[in-house]
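Just so it is clear, none of the values below were taken in a lab; they were calculated from the coordinates. Everything quoted here is computed from the prediction, not taken from an experiment. Every residue, glycine among them, receives a Cβ derived from its backbone with ideal geometry; neighbour counts consider all protein chains shown.
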Amino acid sequence: MSTKRFEACVCTDIGRVRTRNEDCGDVWLGSSASRALAMVADGMGGHPGGDHASRSALDRTALAADAGLPGRRPVEWLRQMVLDANRAVRSEQIRTPSHARMATTMVALLATGSSVAVAHLGDSRAYRLRDTRLTQLTTDHTVAQAMLDEGTYRPEDLARSPYRHVLTAGLGLEDEPEPVVARHRSLPGDLYLLCSDGLSNAIPDGEIAEILRDQATLATTATSLIAAANAAGGPDNITVALVRRLY
């Protein structure tokens, strides 16, 4: 029996339309793969320096991971990590005037033992596949989603809303954002997906679930998800990070 509790992988692609990739993704495994950290950041399109924003956030996360993944208080640690990443983006805005409006989404997952903590700002998402059921663990921070929550929109209006890409939260938009952080029970066999909206806007959740259910290697699954988004037109950069609990 493997001593690894988790396995993880990440894959990113420029898509079929964009001229540069403003997404970033990374995964880290603790000693003996007893813990896992995954993150996806999507630099805001149309804002100069979007790629620098996502990279700055990821670099700060790497420093936190290299310092040691926590064994306790994962929710508090993950929240602080997101706030530190925001400070890194804000510092880059000050250092480089041409990047003064750069910003990025962020979704991060920390798996420790029998639970996972998920933090996010923006519309990059986290999903969980348990057995054959796909559950979205995050709620998009967009104007369209807010209108849906308020009852102004119906669910069927979201796909064609001009506001579904307008973010209400993200790194670099304010000095002290309030990331949404939640803890979820984890079971052996659970498969977690973090993705930029280049995936979730390109293919429906049902297709995402079908690919995840194939139970292929994580690398093959990530490649299949990106291929499906590109087959649907690849209108945006696509990044996926996968974490599976083995036992």
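How about the stretch 69-117: which trypsin sites (Lys or Arg not before Pro) there lie in a loop by DSSP and see at most 10 other Cβ atoms within 10 Å? Display every interim value, and only then the final one.
Details: sites: Arg72, Arg79, Arg87, Arg90, Arg95, Arg101; in loops: Arg72, Arg101.
Passing both the DSSP loop test and the Cβ count: Arg72.
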field: Gain on full stretching of the segment that runs from Leu246 to Gln80 - 0.36 nm per residue minus C-alpha separation
entry: 57.0 nm
- prompt: Between Ser91 and Arg20, what length comes free when the chain is fully extended (0.36 nm per residue of separation minus the Cα-Cα distance, one decimal in nm)?
  reply: 23.2 nm
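In what sequence do Leu78, Leu137, Leu212, Leu194 fall when counting other Cβ within 10 Å, fewest first?
Details: Leu78 26, Leu137 18, Leu212 22, Leu194 29.
Arranged by neighbour count, lowest to highest, Leu78, Leu137, Leu212, Leu194 become Leu137, Leu212, Leu78, Leu194.
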message: Let's see if you can work this out: charge +1 on each Lys and Arg Cβ, -1 on each Asp and Glu Cβ, no other charges. What is the dipole magnitude of the chain about its Cα centre, in debye to the nearest 20?
response: 700
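So if I place +1 on the C-beta of Lys and Arg and -1 on the C-beta of Asp and Glu, and nothing else carries charge, what would the dipole magnitude of the stretch 94-171 be about its Cα centre? I want it in debye, nearest 20.
Numbers: 9 positive and 7 negative charges, 56 e Å.
My answer is approximately 260 debye.
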- line: Going residue by residue through the stretch 73-85, the Karplus relation 6.51 cos²θ - 1.76 cosθ + 1.60 with θ = phi - 60° gives ³J(HN,Hα) values, rounded to whole Hz and with x marking Gly or Pro, of 6, x, 5, 5, 5, 5, 4, 5, 4, 5, 5, 5, 5
field: For the stretch 195-204, Karplus couplings with θ = phi - 60° (6.51, -1.76, 1.60), whole Hz, Gly/Pro x
entry: 8, 7, 6, x, 8, 5, 7, 8, 10, x
task: Find which of Ala38, Tyr163, Ala103 sits farthest along the positive direction of the dipole of the chain, computed with +1 on the beta-carbon of Lys and Arg, -1 on that of Asp and Glu, about the Cα centre.
output: Ala38
statement: Along the dipole axis of the stretch 6-245 (charges at Cβ: +1 for Lys and Arg, -1 for Asp and Glu; origin at the Cα centre), the most positive-end residue among Gly113, Gly233, Ser56 is Gly113
message: Show me, for the stretch 20-26, the HN-Hα J-couplings you get by feeding each phi into the Karplus relation (A = 6.51, B = -1.76, C = 1.60, θ = phi - 60°), rounded to Hz, glycine and proline as x.
response: 8, 9, 9, 8, 9, x, 8
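Cut-off is 10 Å between beta-carbons; in what order do Met106, Met44 appear when sorted fewest neighbours first? Please list the in-between numbers first.
On the way: Met106 31, Met44 23.
Exposure proxy ranking, most exposed first: Met44, Met106.
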